[in-house]
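To start, the structure itself, in structure tokens.
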Amino acid sequence: MTINISIVGKPNVGKSTFFNKIFSKNISKVADEPGTTKDVISESFLFGNEELVFHDTGGLKKKAKSKDENQSYITKECLTAINNSSIVIFMMDANDKFTKNDKQICRMILNKFKTLIVIINKADLIKDEIKTRTKYFNYYFENLFSDILIKPHFFSSIMEKSPDVFLRKICSLDQSTKIMISNNKLNTFLEKTNNSHRAPQKGNFRPKIKFLKQVNSRPIILKAFGTRLKGVNKDYKNYFLKQFLSHFSIYNKVVIIKFVNNENPFS
Ligand SMILES: Nc1nc2c(ncn2[C@@H]2O[C@H](COP(=O)(O)OP(=O)(O)OP(=O)(O)O)[C@@H](O)[C@H]2O)c(=O)[nH]1
Ligand SMILES: [Mg+2]
């Protein structure tokens, strides 16, 4: 199987250095100035049974700064690479602040149902303690992306020996998008969740999810059937989704659960 992976992020964060590191060759031009990569550079290799195709893209800039022709070309090329990939690596500089723009880019990637891997590069240049920076980035990914389970990875594309850990992660994340979970397993999960924390009462009634069924993989979509489900509030939906993600160990991607007010899923 072929897995397409795009490496994206702001200019100069080290995308091309990381790309070259994967292939242990200087394929993509690296320079200490933003705007070095313009055209998407693609290269592939076999990792186990998988053909991994990496796409190194030019740096993305905030909309206001993207007016010039050069930048709009880079942005367009980058978006095409994202659309053609199932996995997107979003790279940041470890000393950078997490901005609204970073949030928007990650959200855009997730909304396209891509698997998102976040790499905080240049870890060797961290001025604070690594613990402080880990807390800083974890905070944003836990709080701004409350509908997915994701943890950023710190890395140094020039100091660390091998990016193998990411190659293994890519393969396992790709596998996890193909799953179809049996009704049996889903309903064991449902019973456990209902027993520990059922949806709160709305008016005189209490919603009850009675049956859970996966209707699609890539993206993973589930239907939750039950009574009075229109009364399930947003907090409970988020809670239920998070419980689902951790129970089935689904990381780095969006899962959709549709609540269907219907007692009998077969009707
Ligand atoms: N200290 C340190 N420097 C790094 C690291 N990764 C990349 N660099 C340096 O950062 C600069 C930019 O690296 P590039 O790989 O060209 O960055 P890029 O993200 O591809 O940049 P654009 O193509 O302009 O978007 C170069 O001087 C690299 O040597 C790292 O992990 N640590
Ligand atoms: Mg580059």
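Could you count how many residues in region 43-61 are closer than 13 Å to residue 3 by Cβ and within 16 Å of ligand 2 (Cβ to nearest atom)?
First, the residues of region 43-61 that are closer than 13 Å to residue 3 by Cβ: 44-55.
Now restrict to residues that are within 16 Å of ligand 2 (Cβ to nearest atom): 54-55.
Residues flagged as closer than 13 Å to residue 3 by Cβ and within 16 Å of ligand 2 (Cβ to nearest atom) within region 43-61 amount to 2.
Going by what's in this entry, would residue 29 be described as within 12 Å of ligand 2 (Cβ to nearest atom) and either under 15 Å from residue 88 (Cα atoms) or surrounded by fewer than 18 Cβ atoms within 10 Å (Cβ to Cβ) (or both)? It would help to see each step written out before you state the result.
On the way: within 12 Å of ligand 2 (Cβ to nearest atom): yes; either under 15 Å from residue 88 (Cα atoms) or surrounded by fewer than 18 Cβ atoms within 10 Å (Cβ to Cβ) (or both): yes.
Spelling it out, residue 29 is indeed within 12 Å of ligand 2 (Cβ to nearest atom) and either under 15 Å from residue 88 (Cα atoms) or surrounded by fewer than 18 Cβ atoms within 10 Å (Cβ to Cβ) (or both).
Can we say residue 190 is surrounded by 12 or more Cβ atoms within 10 Å (Cβ to Cβ) and in contact with an Asp or Glu (Cβ under 9 Å, 6 or more places away or on another chain)? Walk me through it before giving the result.
Values: surrounded by 12 or more Cβ atoms within 10 Å (Cβ to Cβ): yes; in contact with an Asp or Glu (Cβ under 9 Å, 6 or more places away or on another chain): no.
Taking the combined requirement at face value, the residue does not satisfy it.
Kindly evaluate residue 34 against the criterion of being under 25 Å from residue 158 (Cα atoms), within 10 Å of ligand 2 (Cβ to nearest atom) and either surrounded by fewer than 16 Cβ atoms within 10 Å (Cβ to Cβ) or not assigned by TED's automatic domain parsing to the domain that holds residue 117 (or both).
Spelling it out, residue 34 is indeed under 25 Å from residue 158 (Cα atoms), within 10 Å of ligand 2 (Cβ to nearest atom) and either surrounded by fewer than 16 Cβ atoms within 10 Å (Cβ to Cβ) or not assigned by TED's automatic domain parsing to the domain that holds residue 117 (or both).
Of (1) modelled with pLDDT under 95; (2) farther than 25 Å from residue 254 by Cβ, residue 63 satisfies all except one. Which?
(2)
Which condition number does residue 257 fail, the rest of (1) in a helix (DSSP H, G or I); (2) modelled with pLDDT of 95 or more; (3) in contact with a Phe, Trp or Tyr (Cβ under 9 Å, 6 or more places away or on another chain) being met?
Here residue 257 meets the rest and fails (1).
I'd like to verify a number: residues in region 115-162 that are part of a loop (DSSP other than H, G, I, E, B) and either within 22 Å of residue 237 (Cα to Cα) or over 12 Å from the mean Cα position of the chain (by Cα) (or both), how many?
Within region 115-162, the first condition is being part of a loop (DSSP other than H, G, I, E, B), and the residues that meet it are 122, 126-129, 144-152, 155-162.
Right, trim to either within 22 Å of residue 237 (Cα to Cα) or over 12 Å from the mean Cα position of the chain (by Cα) (or both) and you get 122, 126-129, 144-151, 155-162.
The total comes to 21.
Could you figure out which of (1) within 12 Å of ligand 2 (Cβ to nearest atom); (2) surrounded by fewer than 22 Cβ atoms within 10 Å (Cβ to Cβ); (3) aliphatic (A, V, I, L, M) isn't true of residue 1?
Here residue 1 meets the rest and fails (1).
Do we have residue 39 as over 18 Å from the mean Cα position of the chain (by Cα) and within 11 Å of ligand 2 (Cβ to nearest atom) here?
Details: over 18 Å from the mean Cα position of the chain (by Cα): yes; within 11 Å of ligand 2 (Cβ to nearest atom): yes.
Judged against the criteria, residue 39 is a match.
Which helices (runs of 4 or more DSSP H) does region 1-114 wholly contain that include 3 or more residues that are more than 14 Å from ligand 1 (Cβ to nearest atom)?
69-83, 100-111
Yes/no per residue for (1) in contact with a helix residue (DSSP H, G or I) (Cβ under 7 Å, 6 or more places away or on another chain); (2) among the polar types (S, T, N, Q):
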{"residue": "63", "(1), (2)": "no, no"}
{"residue": "73", "(1), (2)": "no, no"}
{"residue": "92", "(1), (2)": "yes, no"}
{"residue": "99", "(1), (2)": "no, yes"}
{"residue": "104", "(1), (2)": "no, yes"}
{"residue": "108", "(1), (2)": "no, no"}
{"residue": "125", "(1), (2)": "no, no"}
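May I ask you to verify whether residue 10 is under 15 Å from residue 120 (Cα atoms), modelled with pLDDT of 95 or more and among the charged types (D, E, K, R)?
Yes; evaluated as a whole, the condition is true for this residue.
The values are calculated or read from the model by the stated rules, or taken from the named source; none is laboratory data. Here the structure is a predicted model, which is why all the values come from computation and not from measurement. Don't worry about glycine lacking a Cβ; one is built from the backbone with ideal geometry, like all the others, and counts go over all protein chains shown.
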